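Each remark here refers to the structure printed beneath this line.
The values are calculated or read from the model by the stated rules, or taken from the named source; none is laboratory data. The shown structure was predicted, so the numbers you read here are calculated from the model rather than taken from an experiment. Using ideal geometry, Cβ is built from the backbone for each residue, glycine included, and neighbour counts are taken over all protein chains shown. Just the protein is used for accessible areas: all its heavy atoms, side chains included, with ligands, DNA and RNA removed. Shrake-Rupley method; radii C 1.70, N 1.55, O 1.52, S 1.80 Å.
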Amino acid sequence: MRLFLAFLLMLAATPGAQAWAQMPPPPDAAPSTPVDEVALPAFEPTREEAVLEGYVDGVIAAHMREHDAPAVTVSVVRNGKIVFAKAYGENDVDARTPASGQDTMFRIGSVSKTFTWTAVMMLQERGLIDLDADVNVYLKDMQLPDAFDAPVTMNDLMAHRAGFEDTLAVFTYPDDGDVTLTDALKETMPKRVYAPGARTSYSNWGSALAAKIVEDVSGLSFREFLETEILKPLAMTHTTIAAPAQMSEAERASLATGYDVKAGAFEPAELMQIGPFAPAGAIASTADDMAHWMLFHLGGGEDDGVRLMRADTHELMWTRAFDDRVAGADLAHGFMTNVYRGVETFGHGGATTAYYTYMTLVPELELGVFVSQSTTNDRNLVSDLGPLVIDHLLDRPLTPAHDDPNFKERAAAFAGNYLNNRRSFSLFEKLFASSARASVAATEDGGLTVTEGGKSQHFAPLPGAADTFENRKGARIIFGRDEKGRVTHFTDGSGVHSYDRETVASNPDYLSLTLGIALFFAATTLIGAWRRQGRDVAQTGAGGLIGVGAMAAAVVTFVFVGAMLWVLADLSNLGAAGLQAYPPASVVSLRLAGLVVFAVALVGLVSLWPAWRASGWGVFRKLHHTAFVIALAGLTLTLVFWNVIFAGTA
């Protein structure tokens with residue numbers, strides 16, 4: 001289950017699912033067609049720029065050698081100009097065609113969302129969107145349901161604080177289908193599980209909803225708006241939101257092949273499909289085009305004499321709408337923002353089944369770094385390149401927080417297990433969240449250790465910032481409290497994930513516990529039946545019938561465990577094609593097996609009266625049967641809570 005959860009987090013194009021442990025760390029218009037490479041204006045690089053390019057070359061070379069990356073593309077901008085935009089490695093390893101920074105496109109995943117949020121701000125500037133208004137005011141042909149006596153606003157969507165549960169359904173729509181964005185949003189509408197603003201939980205669905213608002217307000221499809229209002233004015237001629245299956249022949253030829261690394265060899269990977277949810281993560285671009293995108297944002301909404309928004313609008317865009325964690329990571333109208341080594345950074349990450357991407361923008365340094373790679377076997381490069389370039393340019397040392405012995409007395413308030421809020425709450429997929437845990441433990445030296453997915457990081461209390469902790473790389477986590485002052489949750493170093501403290505009801509250990517107890521009694525029931533074979537056992541006809549039923553219940557329990565193991569094996573290897581056929585047979589079988597467990601538990605409860613009154617059994621066998629029935633009932637309640645039964649699927 002942990003493997004599948006990691007896969008889901010990757011698909012969601014989270015900008016670094018483990019970013020708390022690292023640096024902080026988008027119908028009718030024709031697709032834009034790549035044109036012949038246009039030469040960049042000639043300029044002599046300064047010594048600093050030449051040294052910087054050489055430094056990046058070395059980092060990339062070391063990474064590609066260590067991690068078998070087939071192709072990497074990078075662009076760096078500084079002081080209002082492109083320092084370089086280049087690619088390393090091969091576009092196609094079989095054809096041995098070199099990748100190019102000017103015309104080889106890489107799929108940038110959720111970095112696509114920065115185009116969606118920019119479109120929103122352009123419409124806000126025109127007076128067509130109020131960021132604090134109920135988004136239902138702008139939606140046509142659909143409405144969000146009322147909840148928590150509070151509307152969802154665009155500010156909530158842009159901060160990933162709308163309160164939606166996560167949904168896997170975003171990844172089940174084919175790129176060549178004919179379902180509209182509106183219909184897809186209506187078909188997959190997630191439940192509102194938190195009041196707006198209360199928790200941060202990264203949402204592809206919420207981002208796509210913002211794109212629909214762009215459509216409904218502008219009167220254009222999102223693709224038309226993107227191409228006519230953003231890409232064409234900025235001369236981003238090698239950028240498209242068209243899925244690979246919809247690309248022109250020239251575009252498809254210029255798309256870097258995405259690879260899996262299997263047994264040390266490159267194999268073309270299955271490409272992620274999100275169909276109508278394209279605004280959330282389908283854009284493909286080149287290093288050179290993304291350099292202009294970075295210059296546009298570092299220029300306050302203007303690049304090369306083309307202004308798409310006023311400087312004050314862009315300043316608003318890069319201002320946080322919420323002020324509850326100013327010392328840590330958050331979102332500024334869609335852009336991930338943090339303070340690293342004393343400088344404020346903005347950016348976004350992206351991941352699909354074959355590409356990892358990150359874009360880092362540092363206004364104080366007039367710096368932008370874009371990096372993308374055509375494999376997902378390792379994401380260290382895209383997570384670390386931006387911080388490494390910042391390290392290279394700054395001459396001041398990194399001074400992370402240190403453990404405080406005086407904190408040890410208060411550390412127990414933070415210790416415990418927490419569940420990632422980016423999960424399903426109402427559907428079968430809630431079961432996957434049972435492994436989306438982070439464990440927080442106090443250390444002897446006056447700090448905290450946070451462990452998730454088998455990886456641990458040490459955090460020290462940050463002086464002058466309540467409930468804020470920093471690791472040695474400068475990433476910060478911030479804890480939240482309820483009205484009684486009790487620690488209830490924390491937000492990670494990426495700013496897009498929050499974790500709620502586990503309660504008795506939400507503790508996933510109970511699933512394992514109830515399953516283990518039921519298995520024990522199922523096994524001992526079968527062992528007892530085997531031992532009674534050929535022996536003259538005192539029992540009535542009713543007792544014999546109940547005994548046969550108990551053996552059937554035991555077999556059903558083992559069948560259920562087998563179905564669960566099948567799901568674990570099946571989903572841990574689920575690829576893009578598998579998502580298109582979700583739910584697989586293993587999930588269907590598990591849900592059916594769960595219903596049978598429910599049925600035998602009910603029958604077992606009914607059997608308790610005759611078992612004690614009319615079975616002719618001894619006391620020990622009656623007690624054992626009662627314990628087995630209770631174990632099955634407990635397992636059934638757990639299956640209901642974790643939505644294995646009586647809940648829908650994505």
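On the basis of the beta-carbon distance and an R0 of 25 Å, Thr319 and Asn136 show a calculated FRET efficiency of 0.50. Across segment 251-261, coupling constants 3J(HN,Hα) worked out from phi with the 6.51/-1.76/1.60 Karplus curve, θ = phi - 60°, read 5, 5, 5, 8, 7, 4, 5, x, 10, 9, 9 Hz, and Gly and Pro carry x.
Whole-Hz Karplus values for segment 239-249 come out as 10, 8, 9, 5, 5, x, 5, 9, 6, 5, 4 Hz, taken residue by residue from phi with 6.51 cos²θ - 1.76 cosθ + 1.60 and θ = phi - 60°; glycine and proline positions read x.
Shape analysis of segment 242-396 places it in the prolate category; the axes a ≥ b ≥ c from the Cα gyration tensor give an a/c of at least 1.5, with a/b above b/c.
Between Glu409 and Arg96, the contour length at 0.36 nm per residue exceeds the alpha carbon distance by 106.6 nm. When the inverse distances between all different Cα atoms of segment 341-495 are averaged and flipped, the Kirkwood radius reads 17.6 angstrom. Computed 3J(HN,Hα) for segment 610-619, one whole-Hz value per residue from the Karplus formula 6.51 cos²θ - 1.76 cosθ + 1.60 where θ = phi - 60°, is x, 4, 7, 9, 9, 8, x, 7, x, 4, glycine and proline marked x.
Using 14 Å as the cut-off for backbone N distance, which residues of segment 573-597 belong to the label zone defined by a point 7 Å from the Cα of Ala552 along Cα→Cβ? Hits in segment 573-597 for Ala552 at 14 Å: 596-597. The alpha-carbon atoms of segment 111-230, seen along their principal axes, cover 38, 35, 28 angstrom, with the largest extent given first. In the context of the full set of protein chains, the chain has a per residue accessible area of 39 Å² (1.4 Å probe). Pairs of Cα atoms in segment 201-286 fall into 5 Å distance bins, from 0 up to the last occupied one, in shares of 3, 12, 19, 21, 19, 13, 8, 3, 2, 1, 0 percent. Here the accessible area of segment 512-649 is 74 percent carbon and sulfur, with a 1.4 angstrom probe and all protein chains present. Across every direction, the projection of the convex hull enclosing the Cα atoms of segment 455-535 has a mean area of 9.1 nm². Note on Glu444 and Asp536: with the Förster distance fixed at 51 Å, the Cβ-Cβ geometry gives a FRET efficiency of about 0.20. Remark: for residue pairs Lys113/Lys430; Lys140/Lys430; Lys113/Lys262; Lys140/Lys191; Lys81/Lys473, the C-alpha separation exceeds 22 Å in Lys113/Lys430; Lys140/Lys430; Lys113/Lys262; Lys81/Lys473.
Would you mind classifying the chain by shape? Square roots of the alpha carbon gyration tensor eigenvalues, ordered a ≥ b ≥ c; an a/c under 1.5 is rounded, otherwise it is prolate if a/b is larger than b/c and oblate if not. Prolate, because a/c is 1.5 or more and a/b exceeds b/c. Here each label is just a point 7 Å from Cα along the line to Cβ, and for Asp183 and Ser456 those points are 5.2 nm apart. Ordering of 326-337, 592-603 by packing is 326-337, 592-603, highest average first (other Cβ atoms within 10 Å, averaged per residue).
Ordering Val83, Ile390, Tyr582 by Cα displacement along the dipole of the chain toward the positive end leaves Tyr582 in first place; charges were set at the Cβ atoms of Lys, Arg (+1) and Asp, Glu (-1).
Dividing the mean sequence gap of close Cα pairs (under 8 Å, 6+ apart) by how many residues segment 121-251 holds gives a relative contact order of 27 percent. The fraction of Cα-Cα pairs per 5 angstrom bin, counted from 0 for segment 87-165, comes to 3, 12, 16, 17, 12, 8, 6, 7, 8, 7, 3, 1 percent, rounded to whole percents.
The calculated FRET efficiency for the pair Val306 and Glu44, based on their C-beta separation and a Förster distance of 22 Å, comes to about 0.30. Taking the Cα centre of the chain as origin and assigning +1 to Lys and Arg Cβ atoms and -1 to Asp and Glu Cβ atoms, the resulting dipole is close to 3480 debye. Remark on Tyr356: its backbone amide H falls under 5 Å from those of Gln373, Thr375, a criterion applied only to residues 5 or more positions apart or on other chains, H modelled at 1.01 Å from N. As a rough guide to protection, the peptides 532-544, 151-163 ranked by mean Cβ packing within 10 Å, highest first, stand as 151-163, 532-544.
For Val83, the shell of other residues with beta-carbons less than 13 Å away shows a net charge of -3, using +1 for Lys and Arg and -1 for Asp and Glu.
Across the alpha-carbon set of segment 160-213, the Rg to Rh ratio works out to 0.99, Rh being the Kirkwood radius. Ranked from largest, the principal axis spans of the Cα set of segment 403-467 equal 45, 23, 16 Å.
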